[in-house]
Amino acid sequence: MLLTQNSKLKKSGYFNFTLPALQSTTGLVTCPNADKCASGCYARMGTYRFSNVAKKHEANLQATLSDDFVSLMIAEIRKIYSKNKNIKIRIHDAGDFYSAEYLEKWILIMNSLKEVEFYTYTKQVEMMLNATLPSNFRVIFSLGGKQDTMIDTEKHFHSRVFESIEELTAAGYVDSSENDSVAATTANNKIGLVYHGVKNFSNTRWGKVA
């Protein structure tokens, strides 16, 4: 299967598609707009580094480069949807839309599956703002990348990483740290995540809180 469920997504019954974090072993950069966030990226730690997990992510990347990726993904999602009408698909819990051609493949998939809702966290701000995106696709801009200045934090759905739940709440963000259904369904465009990675946390890495 191309789709999987990490521990967080299992809580809501959602599925996700994952690529290698930051860069493939082939040299392909999978998150072109990563900036300071790269040094503390969740997807470069813990279980993501297990050899079997890394191999799966590399295989997924190769699948995206194939001519039949769109048809394979559509068939797989339809099979899952036939058993669970409440699913949502998260595109990437590691990696990003590494090219416009790759984004276009996902647009074809989403337009063919209007009954299914999709969402993503992405640092490809300019690419998304210039694309004609399907109505069943929620884009959450992830602060900490090279194009942060293009994010309107009062208008766009976006995510910011905080050091504590107290800081997150005080800034007016909704907590999506433990359950991703919050990010996928909330009307609040300010989505917060509490950082649980390496100890040298810095808000400047993720987009400084005013």
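The values are calculated or read from the model by the stated rules, or taken from the named source; none is laboratory data. Predicted model only: the values in this text are computed from it and were never measured. Note that we place each Cβ from the backbone using ideal geometry, even for glycine, and neighbour counts take in every protein chain shown. Surface accessibility is based on the protein's heavy atoms, side chains included, excluding ligands, DNA and RNA. Shrake-Rupley method; radii C 1.70, N 1.55, O 1.52, S 1.80 Å.
With respect to the conditions (1) under 30 Å from Asp67 (Cβ atoms); (2) open to solvent by 60 Å² or more (accessible area, probe 1.4 Å); (3) out of contact with any strand residue (DSSP E or B) (no Cβ under 7 Å at 6 or more places or on another chain), Glu117 falls short on a single one, namely (3).
Starting from residues that are among the hydrophobic types (A, V, I, L, M, F, W, C) and more than 14 Å from Asn111 (Cβ to Cβ), keep the ones in region 71-84 and report whichever is most open to solvent (accessible area, probe 1.4 Å). Per the criteria, the residue is Leu72. Looking across Leu133, Leu72, one residue alone is out of contact with any strand residue (DSSP E or B) (no Cβ under 9 Å at 6 or more places or on another chain), over 21 Å from Lys10 (Cα atoms) and at pLDDT 95 or above. It is Leu72.
In this structure, does Lys208 turn out to be modelled with pLDDT of 95 or more and assigned to a loop (DSSP other than H, G, I, E, B)? So Lys208 fails the test.
Restricting the first member to region 51-77 and to residues that are closer than 15 Å to Thr25 by Cα, and the second to residues that are of a type in the set (S, T, N, Q), the beta-carbon pairs closer than 7 Å and six or more apart or on different chains are Val53/Thr47; His57/Thr18; Glu58/Ser24; Glu58/Thr25; Asn60/Thr18; Leu61/Ser24; Leu61/Thr30. Tell me which of these Thr132 doesn't satisfy, since it passes every other one: (1) open to solvent by 30 Å² or more (accessible area, probe 1.4 Å); (2) closer than 23 Å to Leu22 by Cα. Among (1) open to solvent by 30 Å² or more (accessible area, probe 1.4 Å); (2) closer than 23 Å to Leu22 by Cα, the lone unmet condition for Thr132 is (2). Being open to solvent by 30 Å² or more (accessible area, probe 1.4 Å) and either under 24 Å from Lys56 (Cβ atoms) or within 9 Å of the chain's Cα centre (by Cα) (or both) is the filter here, so list the residues in region 91-103 that pass it. Selection gives Tyr98, Glu101. Lys56 meets the conditions (1) assigned to a helix (DSSP H, G or I); (2) open to solvent by 40 Å² or more (accessible area, probe 1.4 Å); (3) at pLDDT 95 or above; (4) not aromatic (Phe, Trp, Tyr) in every case but one. The failed one is (3). Among the residues of region 141-159, those identified as surrounded by 13 or more Cβ atoms within 10 Å (Cβ to Cβ) and over 13 Å from the mean Cα position of the chain (by Cα) are Gly144, Gly145, Lys146, Gln147, Asp148, Met150, Ile151, Thr153, His156. Against the conditions (1) touching an Asp or Glu at 6+ places or on another chain (Cβ under 9 Å); (2) surrounded by fewer than 20 Cβ atoms within 10 Å (Cβ to Cβ); (3) at pLDDT 95 or above, Ile87 satisfies every one except (3). Taking the criterion of being of a type outside the set (A, V, I, L, M) and buried (at least 20 other Cβ atoms within 10 Å of the Cβ), the only residue of region 104-114 that qualifies is Trp106. For Leu28, the stated conditions hold: it is modelled with pLDDT of 70 or more and either within 13 Å of the chain's Cα centre (by Cα) or open to solvent by 40 Å² or more (accessible area, probe 1.4 Å) (or both). Residues in region 90-128 that are modelled with pLDDT under 95 and among the small types (Gly, Ala, Ser): Ala94, Gly95.
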